[in-house]
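Contents: one structure, followed by commentary.
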Amino acid sequence: MTDSLPPLVALVFAGAFGAIVGSFLNVCIHRLPLGASIVWPSSACPHCKRELAWYENIPVASYLLLRARCRTCKAPISSRYPLVEALTCAMFAGAWWYYGPGPLLASRLVFGSALIVLFAIDLEHHLLPNVITLPGIVAGFAFSLIAEPGWIASMIGLLAGGGVLYLVAVAYYRIRHEEGLGMGDPKMLAMIGAFLGWKLTLLTLLVASLTGTIVGLSLIAVGRGSLKYALPFGCFLAVGALVSAVAGQPIVDWYLGFF
Ligand SMILES: [Zn+2]
(Lines give C-alpha, C1' and ligand atoms only; values in the text may rest on other atoms or scores of the structure.)
Protein backbone atom coordinates (compact mmCIF):
# COMPACT_ATOMS: atom_id res chain seq x y z
CA MET A 1 0.00 0.00 0.00
CA THR A 2 2.85 2.40 0.85
CA ASP A 3 4.49 1.74 -2.53
CA SER A 4 1.45 2.92 -4.47
CA LEU A 5 0.15 5.67 -2.20
CA PRO A 6 1.84 8.89 -1.07
CA PRO A 7 2.52 8.71 2.72
CA LEU A 8 0.00 11.44 3.58
CA VAL A 9 -2.80 9.78 1.60
CA ALA A 10 -2.06 6.45 3.31
CA LEU A 11 -2.19 8.21 6.68
CA VAL A 12 -5.58 9.76 5.85
CA PHE A 13 -6.87 6.35 4.74
CA ALA A 14 -5.64 4.80 8.01
CA GLY A 15 -7.38 7.53 10.02
CA ALA A 16 -10.65 7.20 8.06
CA PHE A 17 -10.60 3.42 8.52
CA GLY A 18 -9.94 4.02 12.24
CA ALA A 19 -12.99 6.31 12.51
CA ILE A 20 -15.19 3.57 11.00
CA VAL A 21 -13.71 0.99 13.40
CA GLY A 22 -14.38 3.50 16.21
CA SER A 23 -18.02 3.55 15.18
CA PHE A 24 -18.11 -0.24 15.59
CA LEU A 25 -16.32 0.01 18.97
CA ASN A 26 -19.15 2.34 20.09
CA VAL A 27 -21.65 -0.38 19.21
CA CYS A 28 -19.63 -2.87 21.32
CA ILE A 29 -19.38 -0.40 24.24
CA HIS A 30 -23.13 0.22 24.17
CA ARG A 31 -24.34 -3.34 23.59
CA LEU A 32 -21.88 -5.74 25.30
CA PRO A 33 -22.86 -4.71 28.88
CA LEU A 34 -26.52 -5.27 27.90
CA GLY A 35 -25.70 -8.73 26.59
CA ALA A 36 -27.07 -7.66 23.18
CA SER A 37 -25.81 -8.76 19.76
CA ILE A 38 -23.22 -6.46 18.19
CA VAL A 39 -24.20 -7.33 14.59
CA TRP A 40 -27.99 -7.08 14.74
CA PRO A 41 -30.15 -4.96 14.64
CA SER A 42 -28.72 -1.82 13.00
CA SER A 43 -28.05 1.29 15.09
CA ALA A 44 -31.01 3.08 16.64
CA CYS A 45 -31.54 6.01 19.00
CA PRO A 46 -31.37 4.47 22.52
CA HIS A 47 -34.15 6.85 23.61
CA CYS A 48 -36.88 6.73 20.91
CA LYS A 49 -35.60 3.48 19.28
CA ARG A 50 -35.85 4.99 15.78
CA GLU A 51 -33.42 3.35 13.36
CA LEU A 52 -30.64 5.71 12.30
CA ALA A 53 -30.29 6.86 8.68
CA TRP A 54 -26.87 6.46 7.02
CA TYR A 55 -26.10 10.16 7.43
CA GLU A 56 -26.66 9.87 11.19
CA ASN A 57 -23.98 7.18 11.36
CA ILE A 58 -20.99 9.10 9.98
CA PRO A 59 -18.22 9.11 12.61
CA VAL A 60 -17.81 12.45 14.47
CA ALA A 61 -19.46 14.47 11.63
CA SER A 62 -23.01 13.25 12.41
CA TYR A 63 -22.63 14.17 16.06
CA LEU A 64 -21.58 17.70 15.13
CA LEU A 65 -24.22 18.12 12.39
CA LEU A 66 -27.00 16.87 14.71
CA ARG A 67 -25.68 19.17 17.46
CA ALA A 68 -25.46 16.24 19.91
CA ARG A 69 -29.22 15.52 19.81
CA CYS A 70 -31.46 12.89 18.21
CA ARG A 71 -33.12 14.29 15.08
CA THR A 72 -36.63 13.25 16.11
CA CYS A 73 -36.88 12.91 19.91
CA LYS A 74 -34.16 15.51 20.68
CA ALA A 75 -32.64 13.25 23.36
CA PRO A 76 -28.98 14.19 23.96
CA ILE A 77 -26.36 11.93 22.31
CA SER A 78 -23.51 10.93 24.62
CA SER A 79 -20.20 12.67 23.89
CA ARG A 80 -18.67 9.19 24.23
CA TYR A 81 -19.61 8.50 20.59
CA PRO A 82 -17.50 11.21 18.89
CA LEU A 83 -14.74 10.81 21.52
CA VAL A 84 -14.32 7.08 20.84
CA GLU A 85 -14.45 7.68 17.06
CA ALA A 86 -11.88 10.49 17.20
CA LEU A 87 -9.61 8.49 19.52
CA THR A 88 -9.74 5.38 17.31
CA CYS A 89 -9.11 7.52 14.22
CA ALA A 90 -6.04 9.06 15.91
CA MET A 91 -4.84 5.64 17.09
CA PHE A 92 -5.03 4.09 13.60
CA ALA A 93 -3.27 7.04 11.95
CA GLY A 94 -0.69 7.23 14.75
CA ALA A 95 0.04 3.49 14.76
CA TRP A 96 0.34 3.45 10.94
CA TRP A 97 2.91 6.22 11.16
CA TYR A 98 4.75 4.77 14.19
CA TYR A 99 4.91 1.05 13.31
CA GLY A 100 4.52 0.98 9.52
CA PRO A 101 2.66 -1.85 7.80
CA GLY A 102 3.31 -5.35 9.16
CA PRO A 103 2.20 -7.89 11.77
CA LEU A 104 3.14 -5.61 14.70
CA LEU A 105 0.80 -2.89 13.37
CA ALA A 106 -2.07 -5.39 13.15
CA SER A 107 -1.31 -6.66 16.66
CA ARG A 108 -1.22 -3.16 18.15
CA LEU A 109 -4.46 -2.09 16.42
CA VAL A 110 -6.37 -5.13 17.69
CA PHE A 111 -4.87 -4.58 21.16
CA GLY A 112 -5.64 -0.83 21.17
CA SER A 113 -9.22 -1.38 20.01
CA ALA A 114 -9.77 -3.91 22.83
CA LEU A 115 -8.30 -1.43 25.36
CA ILE A 116 -10.64 1.38 24.19
CA VAL A 117 -13.70 -0.87 24.60
CA LEU A 118 -12.55 -2.15 28.03
CA PHE A 119 -11.75 1.39 29.25
CA ALA A 120 -15.16 2.76 28.25
CA ILE A 121 -17.18 -0.17 29.63
CA ASP A 122 -15.23 -0.30 32.91
CA LEU A 123 -15.62 3.47 33.38
CA GLU A 124 -19.40 3.32 32.94
CA HIS A 125 -20.37 -0.11 34.28
CA HIS A 126 -17.38 -1.23 36.42
CA LEU A 127 -17.24 -4.32 34.24
CA LEU A 128 -14.58 -5.97 32.05
CA PRO A 129 -16.51 -8.39 29.80
CA ASN A 130 -15.06 -11.87 29.21
CA VAL A 131 -16.09 -11.62 25.54
CA ILE A 132 -13.28 -9.05 25.14
CA THR A 133 -10.61 -10.24 27.59
CA LEU A 134 -10.65 -13.99 26.85
CA PRO A 135 -10.47 -13.76 23.02
CA GLY A 136 -7.96 -10.94 23.66
CA ILE A 137 -5.65 -13.37 25.49
CA VAL A 138 -5.84 -15.82 22.56
CA ALA A 139 -5.29 -13.06 19.96
CA GLY A 140 -2.32 -11.62 21.87
CA PHE A 141 -0.64 -15.01 22.07
CA ALA A 142 -1.39 -15.76 18.40
CA PHE A 143 0.17 -12.44 17.31
CA SER A 144 3.25 -13.18 19.46
CA LEU A 145 4.01 -16.12 17.12
CA ILE A 146 4.65 -13.65 14.24
CA ALA A 147 5.48 -10.35 15.98
CA GLU A 148 6.89 -8.83 19.18
CA PRO A 149 7.35 -9.88 21.98
CA GLY A 150 7.68 -13.54 20.80
CA TRP A 151 5.69 -16.44 22.22
CA ILE A 152 7.86 -17.19 25.27
CA ALA A 153 7.67 -13.59 26.59
CA SER A 154 3.98 -13.56 25.71
CA MET A 155 3.30 -16.80 27.62
CA ILE A 156 5.21 -15.58 30.70
CA GLY A 157 3.42 -12.20 30.48
CA LEU A 158 0.05 -13.85 30.23
CA LEU A 159 0.63 -16.11 33.24
CA ALA A 160 2.43 -13.49 35.37
CA GLY A 161 -0.05 -10.71 34.57
CA GLY A 162 -3.10 -12.83 35.27
CA GLY A 163 -1.48 -14.56 38.26
CA VAL A 164 -0.30 -11.42 40.08
CA LEU A 165 -3.72 -9.71 40.01
CA TYR A 166 -5.49 -12.98 40.78
CA LEU A 167 -3.42 -13.32 43.97
CA VAL A 168 -4.07 -9.65 44.87
CA ALA A 169 -7.82 -10.16 44.39
CA VAL A 170 -7.84 -13.33 46.51
CA ALA A 171 -5.69 -11.76 49.25
CA TYR A 172 -7.92 -8.66 49.37
CA TYR A 173 -10.99 -10.82 49.71
CA ARG A 174 -9.43 -12.94 52.48
CA ILE A 175 -8.36 -9.88 54.50
CA ARG A 176 -11.31 -7.51 53.94
CA HIS A 177 -14.04 -10.07 53.22
CA GLU A 178 -15.29 -8.02 50.30
CA GLU A 179 -14.43 -7.75 46.63
CA GLY A 180 -11.88 -4.96 46.06
CA LEU A 181 -10.67 -6.05 42.67
CA GLY A 182 -13.04 -7.81 40.28
CA MET A 183 -12.02 -11.00 38.49
CA GLY A 184 -12.10 -9.03 35.22
CA ASP A 185 -8.86 -7.24 36.15
CA PRO A 186 -6.65 -10.40 36.26
CA LYS A 187 -8.04 -11.46 32.85
CA MET A 188 -7.40 -7.99 31.43
CA LEU A 189 -3.77 -7.99 32.66
CA ALA A 190 -3.35 -11.52 31.26
CA MET A 191 -4.50 -10.13 27.89
CA ILE A 192 -2.03 -7.23 28.21
CA GLY A 193 0.69 -9.76 29.08
CA ALA A 194 -0.12 -11.84 26.00
CA PHE A 195 0.20 -8.80 23.71
CA LEU A 196 3.15 -7.01 25.34
CA GLY A 197 5.25 -9.71 27.07
CA TRP A 198 6.14 -9.86 30.76
CA LYS A 199 8.51 -6.85 31.01
CA LEU A 200 6.01 -4.35 29.61
CA THR A 201 3.27 -6.00 31.68
CA LEU A 202 5.14 -5.26 34.90
CA LEU A 203 5.58 -1.68 33.66
CA THR A 204 1.85 -1.53 32.88
CA LEU A 205 1.02 -2.59 36.43
CA LEU A 206 3.43 0.00 37.83
CA VAL A 207 2.04 2.86 35.69
CA ALA A 208 -1.56 1.80 36.43
CA SER A 209 -0.96 1.69 40.19
CA LEU A 210 0.85 5.06 40.20
CA THR A 211 -1.73 6.90 38.07
CA GLY A 212 -4.55 5.18 40.00
CA THR A 213 -3.10 6.40 43.31
CA ILE A 214 -2.52 9.93 42.02
CA VAL A 215 -6.02 10.24 40.51
CA GLY A 216 -7.65 8.57 43.54
CA LEU A 217 -5.90 10.88 46.02
CA SER A 218 -6.71 13.94 43.87
CA LEU A 219 -10.40 12.99 43.82
CA ILE A 220 -10.37 12.65 47.62
CA ALA A 221 -8.54 15.98 47.94
CA VAL A 222 -11.26 17.80 45.99
CA GLY A 223 -13.96 15.85 47.88
CA ARG A 224 -15.22 13.92 44.89
CA GLY A 225 -14.93 10.39 46.27
CA SER A 226 -13.39 7.86 48.61
CA LEU A 227 -10.30 5.79 47.78
CA LYS A 228 -12.35 2.62 47.47
CA TYR A 229 -14.82 3.93 44.91
CA ALA A 230 -12.45 6.28 43.08
CA LEU A 231 -12.24 4.87 39.55
CA PRO A 232 -12.25 1.31 38.22
CA PHE A 233 -8.76 -0.21 37.97
CA GLY A 234 -9.34 -1.46 34.41
CA CYS A 235 -9.24 2.15 33.18
CA PHE A 236 -5.78 2.60 34.69
CA LEU A 237 -4.62 -0.75 33.27
CA ALA A 238 -5.66 0.53 29.82
CA VAL A 239 -3.70 3.78 30.30
CA GLY A 240 -0.68 1.86 31.65
CA ALA A 241 -0.80 -0.54 28.68
CA LEU A 242 -0.92 2.37 26.22
CA VAL A 243 2.12 4.03 27.81
CA SER A 244 3.98 0.69 27.89
CA ALA A 245 3.13 -0.23 24.28
CA VAL A 246 4.30 3.13 22.89
CA ALA A 247 7.15 4.18 25.21
CA GLY A 248 7.77 1.07 27.31
CA GLN A 249 10.89 -0.40 25.70
CA PRO A 250 13.03 2.76 26.17
CA ILE A 251 11.80 3.01 29.80
CA VAL A 252 12.66 -0.66 30.51
CA ASP A 253 16.10 -0.31 28.82
CA TRP A 254 16.83 2.83 30.85
CA TYR A 255 15.79 1.15 34.10
CA LEU A 256 17.77 -2.06 33.44
CA GLY A 257 20.79 0.16 32.67
CA PHE A 258 21.17 0.71 36.42
CA PHE A 259 22.06 -2.96 37.05
ZN1 LIG B 1 -34.41 9.59 19.48
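The values are calculated or read from the model by the stated rules, or taken from the named source; none is laboratory data. Bear in mind the structure is a predicted one, so any value in this text is a computation, not a measurement. FYI the Cβ positions are ideal-geometry reconstructions off the backbone, even for glycines, and counts take in every protein chain you see.
Just to verify a result, which residue in the stretch 140-173, among those that are buried (at least 18 other Cβ atoms within 10 Å of the Cβ) and among the aliphatic types (A, V, I, L, M), is farthest from P101 (Cα to Cα)? The residue in question is A169. Looking for something touching a Ser or Thr at 6+ places or on another chain (Cβ under 8 Å) and at pLDDT 90 or above - is there at least one such residue anywhere in the stretch 163-183? Within the stretch 163-183 (the criterion being touching a Ser or Thr at 6+ places or on another chain (Cβ under 8 Å) and at pLDDT 90 or above), the answer is no, since none of the residues qualifies. Annotation: of all residues in the stretch 48-65 being farther than 19 Å from S79 by Cβ and either under 27 Å from the mean Cα position of the chain (by Cα) or away from the ligand (no atom under 14 Å from the Cβ) (or both), the one that is surrounded by the most Cβ atoms within 10 Å (Cβ to Cβ) is Y55. For the residues E148, E179, the requirement of being acidic (D, E) and under 27 Å from Q249 (Cβ atoms) singles out E148.
Of the numbered criteria (1) at negative phi; (2) within 16 Å of the ligand (Cβ to nearest atom); (3) not β-branched (V, I, T), the one G15 fails is (2). Mind checking which residues of the stretch 1-47 are loosely packed, with under 11 Cβ neighbours inside 10 Å and either touching a Lys or Arg at 6+ places or on another chain (Cβ under 8 Å) or closer than 30 Å to L127 by Cβ (or both)? Across the stretch 1-47, the qualifying residues are L34, G35, S37, V39, W40, P41, S42. Screening the stretch 67-81 for residues that are out of contact with any Lys or Arg (no Cβ under 9 Å at 6 or more places or on another chain) and near the ligand (Cβ under 10 Å from one of its atoms) and picking the one that is farthest from V27 (Cα to Cα) gives K74. For the stretch 34-45, name all the residues that are within 16 Å of the ligand (Cβ to nearest atom) and either part of a loop (DSSP other than H, G, I, E, B) or touching a Pro at 6+ places or on another chain (Cβ under 9 Å) (or both). P41, S42, S43, C45, listed by residue number.
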